[in-house]
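The values are calculated or read from the model by the stated rules, or taken from the named source; none is laboratory data. Everything numeric in this text was worked out from a predicted model, so none of it was measured. A quick note on method: Cβ atoms are made from the backbone with ideal geometry, for glycine too, and the neighbour counts reach across all protein chains shown. For the accessible areas, the whole protein counts, side chains as well, though only heavy atoms, and no ligand, DNA or RNA atoms are used. Shrake-Rupley method; radii C 1.70, N 1.55, O 1.52, S 1.80 Å.
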Amino acid sequence: MPEKLTKIELYIIAEVRKMREARGMSQLDLSLKLGKAVGFIGDIEAPSKSAKYNIKHLNEIAKIFDCSPKDFWPEKSL
């Protein structure tokens, strides 16, 4: 059974998803732009999996989205 993700991990995953969808980008598109396997983003966004982003992923995604990595984090702690 996969380990349960924390509130902050779930929040960041949801923020990246919102930003990805707002840009009309598919999971596949983002996976490929990151140089990752086809199902990389799908695994992270799937609630049944314990996959998550690391700091390097978030920095690379921020470059792709032309934003700051801070944009994925909440204003206050969760």
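Of the numbered criteria (1) over 18 Å from K70 (Cβ atoms); (2) in a helix (DSSP H, G or I); (3) among the hydroxyl-bearing types (S, T, Y), the one S48 fails is (2). You will find that of S68, S48, S77, the residue that is open to solvent by less than 50 Å² (accessible area, probe 1.4 Å), small (G, A, S) and over 13 Å from the mean Cα position of the chain (by Cα) is S68 and no other. Can you list residue pairs whose Cβ atoms sit under 7 Å apart, with the first residue in region 16-29 being part of a helix (DSSP H, G or I) and the second being at pLDDT below 95? Count only pairs 6 or more apart in sequence or on different chains. Pairs found: L28/V38.
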